[in-house]
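Let me begin by presenting the structure, written as structure tokens, before commenting on it.
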Amino acid sequence: MAEQYAIEMRGITKTFGSVVANKGVNLNVKNGEILALLGENGSGKTTLMNMLSGIYTPDSGSIHINGSEVKIDSPEDSKKLGIGMVHQHFKLVDVFSAADNIWMGKEKSGFVLKKKRYSEIDSIIKRFGFELDPEKKVYNMSVSEKQTLEIIKVLYYGAKIIILDEPTAVLTVQEIEKLFNVLRRMKEQGHAIIIITHKLNEVMDISDRVAIMRKGEYITTVNTQETNEQELTELMVGRKIDLNIDRPVVETTRPLLEVRNLTIKNDEGAVAIDNVSFYIRGGEILGVAGIAGCGQKELCESIAGLRPIQSGQMIHKGDNIVGLPPKAILEKGISMSFIPEDRLGMGLAPSMSIIDNMLLKNYRDSKGPMVDRKRGRADAEQVIADLAVATPSPETPVRRLSGGNVQKVLLGREIKAGPNVLITAYPVRGLDINSSYMIYDILNKQKVDGVGILFVGEDLDVMISLCDKILVLCHGKVMGVVHAHKTNKEELGLMMTGALDLSEKYADKPAGIARDTLFGENNNGQEG
């Protein structure tokens with residue numbers, strides 16, 4: 001007798017105009033199983049899952065739930081079948097509480113909010129071991145709390161089949177472990193779970209089986225215990241990939257930008273960065289490590305001139321550039337590019353085409369009243385070719401691209417501007433393994449060309465391999481700056497939580513002593 005699956009997708013095909021997103025895909029998931037869905041950006045993973053959640057309908061093929069063929073024409077149909085999808089971009093109302101975000105989708109809830117909604121939500125929180133206050137407003141939540149709320153929401157509606165699209169993209173190591181413990185508990189209670197992720201170490205840790213997709217087609221499904229990261233990479237990409245990150249040795253220049261005693265407040269008025277000092281030097285990648293929300297976002301935005309600075313200086317060639325408009329900073333010889341973590345909210349205009357988004361960086365350079373769209377098209381086509389952006393054409397609005405391809409467009413545009421200082425926050429978040437290593441290569445090329453790079457990341461293994469030095473933040477304060485090749489994840493983790501403070505060892509020196517000693521020795525092994 002054939003095994004009955006919680007989900008079975010047979011011969012699923014979906015096209016968007018001339019683009020074939022899914023072609024004859026077969027996929028199955030068992031009850032009480034965690035299936036990882038792997039594939040490069042644009043391989044059709046999210047499109048396939050969106051057909052289970054009712055956002056799209058397949059052009060051909062069939063979907064079976066617990067052995068019975070079903071038709072899913074809307075998210076409501078999906079919900080009635082016990083399917084819940086937690087999307088990569090949260091769908092929450094900021095001014096509502098956790099409970100109200102869940103309650104407002106309840107059928108026939110009426111216009112009167114009931115006090116029992118808090119206890120109802122709290123019972124689910126305790127049942128699965130979540131940590132969340134039902135009365136907390138979304139705008140006061142951390143990223144991990146929002147992620148938790150999205151999962152609780154689908155569980156509240158009775159979902160037995162849970163789809164998670166890049167659930168760990170913005171979580172810390174500690175938060176990921178908490179999430180995985182919850183997923184294991186859900187698995188024990190018979191839930192069927194599909195997790196879309198690009199992080200191979202997480203695939204090996206949490207999944208029972210791994211389904212591989214490539215260019216819209218299903219390749220195979222393997223048992224996690226019978227495979228390894230190298231084999232999964234080759235199945236996903238179709239060829240061997242070197243999983244080693246280069247760290248070229250470059251003769252570093254004097255600081256391109258010196259940050260002195262910087263203090264910055266967050267949107268709520270609390271101190272986010274507290275008296276922080278460091279350098280960005282040409283030919284060097286300086287990593288910034290810290291638990292999410294410890295000031296990385298505010299630090300990047302202030303250096304890029306997008307957030308006011310309460311006190312402190314940013315020195316370039318002896319001049320303080322704090323408060324200067326971007327044009328004046330450029331005239332002083334510092335060309336800066338910023339790649340924010342919020343790609344669509346801050347980095348790009350989602351409704352505009354790739355061409356128009358390229359033009360946003362340099363439209364002021366056009367001679368005469370007309371924007372040079374010919375140049376914009378050439379730039380867009382070059383970025384599409386160089387970074388292998390999966391898109392129907394340069395005229396495609398960026399909101400229609402997958403998350404990874406959106407990131408490629410943003411990174412390509414900023415690097416094409418030819419910066420000498422590059423500020424980048426989570427540049428490979430949501431990217432597949434092949435694209436991630438492409439980005440690491442691009443950053444290393446910029447480093448070799450003398451660009452000073454500030455790299456905010458979440459993967460400590462990558463940071464240790466890629467960066468030259470790592471600045472560690474805890475609650476907005478510097479816990480120290482360490483040489484990447486002389487540290488390890490354990491030391492960084494202790495510094496990130498404040499259990500280890502090395503700031504005195506790397507403290508800035510009084511006037512008259514070379515300030516490079518803030519970083520210890522230079523690349524030649526000599527004291528700065």
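The values are calculated or read from the model by the stated rules, or taken from the named source; none is laboratory data. Fair warning: this is a prediction, and the values are worked out from it, not measured in the lab. When we count neighbours, we look across all protein chains shown, and the Cβ atoms used for this are built from the backbone with ideal geometry, even at glycine.
Filtered by the rule that a residue be part of a loop (DSSP other than H, G, I, E, B) and within 18 Å of the chain's Cα centre (by Cα), region 44-94 gives HIS87, GLN88, HIS89, PHE90, LYS91. For region 15-33, a residue qualifies if it is not in a strand (DSSP E or B) and not charged (D, E, K, R), and the qualifying residues are GLY17, SER18, ASN31, GLY32. Of all residues in region 176-198, those satisfying the criterion of being buried (at least 20 other Cβ atoms within 10 Å of the Cβ) and not hydrophobic (A, V, I, L, M, F, W, C) are HIS191, THR197, HIS198.
Scanning region 275-293 for residues that are of a type outside the set (A, V, I, L, M), over 13 Å from GLN446 (Cβ atoms) and surrounded by fewer than 24 Cβ atoms within 10 Å (Cβ to Cβ) yields a total of 4. Can VAL237 be described as loosely packed, with under 15 Cβ neighbours inside 10 Å and either of a type in the set (D, E, K, R) or modelled with pLDDT under 90 (or both)? It is false that VAL237 is loosely packed, with under 15 Cβ neighbours inside 10 Å and either of a type in the set (D, E, K, R) or modelled with pLDDT under 90 (or both). When ALA390 is tested against (1) surrounded by 23 or more Cβ atoms within 10 Å (Cβ to Cβ); (2) among the hydrophobic types (A, V, I, L, M, F, W, C); (3) within 22 Å of the chain's Cα centre (by Cα), exactly one condition is not met: (1). Only residues that are surrounded by fewer than 16 Cβ atoms within 10 Å (Cβ to Cβ) and touching a residue at least 24 places away in the same chain (Cβ under 8 Å) were counted across region 123-142, and they come to 7.
Filtered by the rule that a residue be in contact with a helix residue (DSSP H, G or I) (Cβ under 6 Å, 6 or more places away or on another chain) and surrounded by fewer than 16 Cβ atoms within 10 Å (Cβ to Cβ), region 207-234 gives a lone residue, GLU229. Does LYS327 satisfy being surrounded by 13 or more Cβ atoms within 10 Å (Cβ to Cβ) and either assigned by TED's automatic domain parsing to the domain that holds THR424 or touching a Lys or Arg at 6+ places or on another chain (Cβ under 8 Å) (or both)? The answer is no for LYS327. Applying a threshold of 8 Å to beta carbon distances and a minimum spacing of six or more residues, or different chains, the list of pairs starting in region 298-309 at a residue that is β-branched (Val, Ile, Thr) and ending at one that is assigned to a helix (DSSP H, G or I) reads ILE309/SER302.
For every residue, the table says whether it meets (1) among the small types (Gly, Ala, Ser); (2) assigned to a loop (DSSP other than H, G, I, E, B); (3) more than 27 Å from ASP100 (Cα to Cα); (4) modelled with pLDDT of 90 or more.
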site: GLU131; (1), (2), (3), (4): no, yes, no, no
site: ILE151; (1), (2), (3), (4): no, no, no, no
site: ILE162; (1), (2), (3), (4): no, no, no, yes
site: GLY190; (1), (2), (3), (4): yes, yes, yes, yes
site: HIS198; (1), (2), (3), (4): no, yes, yes, no
site: ASN201; (1), (2), (3), (4): no, no, yes, no
site: VAL210; (1), (2), (3), (4): no, no, yes, yes
site: ILE219; (1), (2), (3), (4): no, no, yes, yes
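Answer with yes or no whether ASN41 is at pLDDT below 90, touching a Ser or Thr at 6+ places or on another chain (Cβ under 6 Å) and in the same structural domain as ASN223 (by TED's automatic domain parsing). The answer is yes for ASN41.
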